[in-house]
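Everything below concerns the one structure shown next.
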Amino acid sequence: MSEIVAKSDAASSLPEADWTEVAVAQVPEYLLDLRTSARGISAMRKHDGRRFSVRMTRLTHDLVEMAVQPVPAGGHAYLSRDETIWCFVYTREYALAFILRIEDVQGDSFQSAYPTGMWIRKERRHKRFIPRVPMQCTWQRPGTSEITGDVMDIGLGGFLGGVNVVAHSDLASAPQEGDRGSVSLSREDGVVWTGEGVLRRISWVGDPDNGELAAFILLGFAFVFPDERGARQLTEFLDGLLEPM
C-alpha cells in the first residue's frame, strides 16, 4: 500500500500534465542510462522540500547508490534512512522523474532499492552505446552450432534494446531474421551474462551469392526477458562498461 501512495503523491507533484508512467520492466534501462552518462540528478527531500543534487555511483540488479553533490552555501542535505526522495532529470531527449526510498546512508552517499515509481515526458530515446572494453557475444539457436563475434554497440531503447555483433559465418549455418535463441555476453574479466534474443537484422559483409563459402555478418539482436529480474541482471552486467557513441 505504501508504494501506491508514493506513486500518487509523486504524480500529483509533477509540474506538467503530459507525463507518462514508465513500465516497471523499463526502469533498469533508464537507470543504466543515468549511470552510464554520469548525469547530474536534481533531488528534493519529500518531508521538507529541501533541494540538492545527486549522481549515481553504483547500480546492481537490486540496488541504486547515489552520491550527494555539494549544495549551495556549503549546506548539507542531512539525509537519513527511510526518507523519500523525489528525483528529476532533464535532457534534450527526455525529462524523467522518479522516487527513491533511502535504505542506508554512508557519509555523503545513500543506497536505495529501485524506484517505486518513474515517469517520463516527451520520450525520444533511441541511444546507442559502445563498450569501453572488448566484449564478445555468442548466439546459438536450438540444434545449431554457436556463432561468436565482437559486440559493436548496444542500444538502450525499448526494454534495454539490443546488441549489434560482427561475426564469421558460413551459408550452411546462416541464421534467419526472426530466429530466437540464447545470447551470451562476455566481458574481458570473465564475467558472462546469458539471456534470450530475437534476431532482427542480418547484413552480409562479403559476397556469399558469388561462391564465397564464408563471410562476415552483422547481426542485430533484440533482447527478450521472461521477467523483470532478467533486465536487472543485464543492467548490472553492463554497469560502467558503456559510453555514448
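The values are calculated or read from the model by the stated rules, or taken from the named source; none is laboratory data. Every value quoted in this text rests on a predicted model; they were computed, and no experiment measured them. So basically every Cβ, Gly included, is an ideal-geometry build from the backbone, and we count neighbours across all protein chains shown. In case anyone asks, the SASA skips ligands and DNA or RNA and just uses the protein heavy atoms, side chains included. Shrake-Rupley method; radii C 1.70, N 1.55, O 1.52, S 1.80 Å.
A few points about this structure:
- In segment 102-142, of all residues being modelled with pLDDT under 85 and not in a strand (DSSP E or B), the one that is surrounded by the fewest Cβ atoms within 10 Å (Cβ to Cβ) corresponds to Pro142.
- The condition (being modelled with pLDDT of 85 or more, touching a helix residue (DSSP H, G or I) at 6+ places or on another chain (Cβ under 8 Å) and over 28 Å from Arg39 (Cα atoms)) is satisfied by just one residue among Gly195, Gly178, Gly149, Gly240: Gly195.
- Exclusive hit being over 15 Å from Phe98 (Cβ atoms) and either more than 14 Å from the chain's Cα centre (by Cα) or not polar (S, T, N, Q) (or both), set Gly49, Gly40: Gly49
- Scanning segment 35-51 for residues that are in contact (Cβ under 8 Å) with a residue 60 or more places away in the chain and surrounded by 20 or more Cβ atoms within 10 Å (Cβ to Cβ) yields Arg35, Thr36.
- Residue pairs whose Cβ atoms lie under 7 Å apart, sitting 6 or more positions apart in sequence or on different chains, and linking a residue in segment 172-201 that is more than 23 Å from Glu236 (Cα to Cα) to a partner that is among the polar types (S, T, N, Q) and open to solvent by 20 Å² or more (accessible area, probe 1.4 Å), are Ser173/Thr144; Ser173/Ser145.
- Positions within segment 231-243 being under 14 Å from Gly161 (Cβ atoms) and touching an Asp or Glu at 6+ places or on another chain (Cβ under 8 Å), in sequence order: Ala231, Thr235
- A single member of Val54, Val71, Val64 is open to solvent by less than 80 Å² (accessible area, probe 1.4 Å), β-branched (Val, Ile, Thr) and at pLDDT below 90, and it is Val71.
- Residue list for segment 50-68, filter: of a type in the set (Val, Ile, Thr) and not in a loop (DSSP other than H, G, I, E, B): Val54, Thr57, Val64, Val68
- Tyr114 being under 21 Å from the mean Cα position of the chain (by Cα) and closer than 23 Å to His61 by Cβ: yes
- For segment 152-169, the criterion of a residue being open to solvent by 20 Å² or more (accessible area, probe 1.4 Å), small (Gly, Ala, Ser), within 24 Å of Val27 (Cβ to Cβ) and at pLDDT below 80 is satisfied by at least one position.
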